[in-house]
Amino acid sequence: MERIHAEPFGLYVERTVDNPRYHYIESWLLPDLALRATVYHLRPGHDRAQTYYLDIGEYGPCEAKKWRAEGHYLHVVARPGQVPELVGIDDLLTAHAAGYFDTAQTHKAIERAAAVVDGIAGCDHDVDRWLARQGITLTWL
């Protein structure tokens, strides 16, 4: 199963996956926020009470009916009522040291991630409330 549709603020993608922890995912590519917001539909026994997995990167249309997605190794894991968790900084710094990202790109990714964490925290750790402040309402299955 796969479903894709576009909205003025982003692109929705739903697909089944062959993974022992989850059976399908839903993602929104949000160019204005430099985010991919994902919900993993976990199999029984793998529930982490996670609402969103937010990937920092460059996302957006690159030509007619084609989108580009470039993750920058930083992820914000959001759980209801908890402080958002930033992960992947070590991976980003390793990619920077290897020359995959220059200093400006690395700095920009860190700034974006910090703004996401700060924004969610400022909305009582509610991703949907933070997104609404950005003029975005996401729909999920």
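What the table shows:
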| quantity | calculated |
| --- | --- |
| Qualifying residues in the stretch 1-19 (those that are free of Cβ contacts under 8 Å to residues at least 24 places away in the same chain and closer than 21 Å to V77 by Cβ) - the one most open to solvent (accessible area, probe 1.4 Å) | R15 |
| Pair list, Cβ < 9 Å and 6+ apart or interchain, from the stretch 119-132 residues that are at positive phi to residues that are surrounded by 15 or more Cβ atoms within 10 Å (Cβ to Cβ) | H125/A78; H125/R79; H125/P84 |
| Restricting the stretch 122-139 to residues that are out of contact with any helix residue (DSSP H, G or I) (no Cβ under 9 Å at 6 or more places or on another chain) and surrounded by 12 or more Cβ atoms within 10 Å (Cβ to Cβ), the residue that is modelled with the highest pLDDT | A132 |
| Residue match in the stretch 68-83 (condition: open to solvent by 70 Å² or more (accessible area, probe 1.4 Å), of a type outside the set (A, V, I, L, M, F, W, C), part of a helix (DSSP H, G or I) and free of Cβ contacts under 8 Å to residues at least 40 places away in the same chain) | no |
| Residue pairs meeting the criteria (Cβ under 6 Å; at least 6 apart or on separate chains; first within 19 Å of H75 (Cα to Cα), in the stretch 93-104; second open to solvent by less than 90 Å² (accessible area, probe 1.4 Å) and part of a helix (DSSP H, G or I)) | H96/T106; F101/A95 |
| Flag for Y73 being hydroxyl-bearing (S, T, Y) and touching a Leu at 6+ places or on another chain (Cβ under 6 Å) | yes |
| Residue count, the stretch 111-120 (criterion: open to solvent by 40 Å² or more (accessible area, probe 1.4 Å) and within 22 Å of R79 (Cβ to Cβ)) | 4 |
| Residue, surrounded by the fewest Cβ atoms within 10 Å (Cβ to Cβ), within the stretch 21-60, restricted to residues that are touching a residue at least 24 places away in the same chain (Cβ under 8 Å) and assigned to a loop (DSSP other than H, G, I, E, B) | A49 |
| One residue from H41, H96 being modelled with pLDDT of 90 or more and in contact with an Asp or Glu (Cβ under 9 Å, 6 or more places away or on another chain) | H96 |
| Set A34, A49, A69, A64: member being touching a Lys or Arg at 6+ places or on another chain (Cβ under 8 Å), modelled with pLDDT under 90 and not hydroxyl-bearing (S, T, Y) | A49 |
| Residue in the stretch 95-110 that is open to solvent by 60 Å² or more (accessible area, probe 1.4 Å), farther than 16 Å from R36 by Cβ and under 15 Å from the mean Cα position of the chain (by Cα) present | yes |
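The values are calculated or read from the model by the stated rules, or taken from the named source; none is laboratory data. Remember, it's a predicted structure, so these values are computed and weren't measured experimentally. FYI the Cβ positions are ideal-geometry reconstructions off the backbone, even for glycines, and counts take in every protein chain you see. Areas reflect the complete protein model, heavy atoms only, side chains present, ligands, DNA and RNA absent. Shrake-Rupley method; radii C 1.70, N 1.55, O 1.52, S 1.80 Å.
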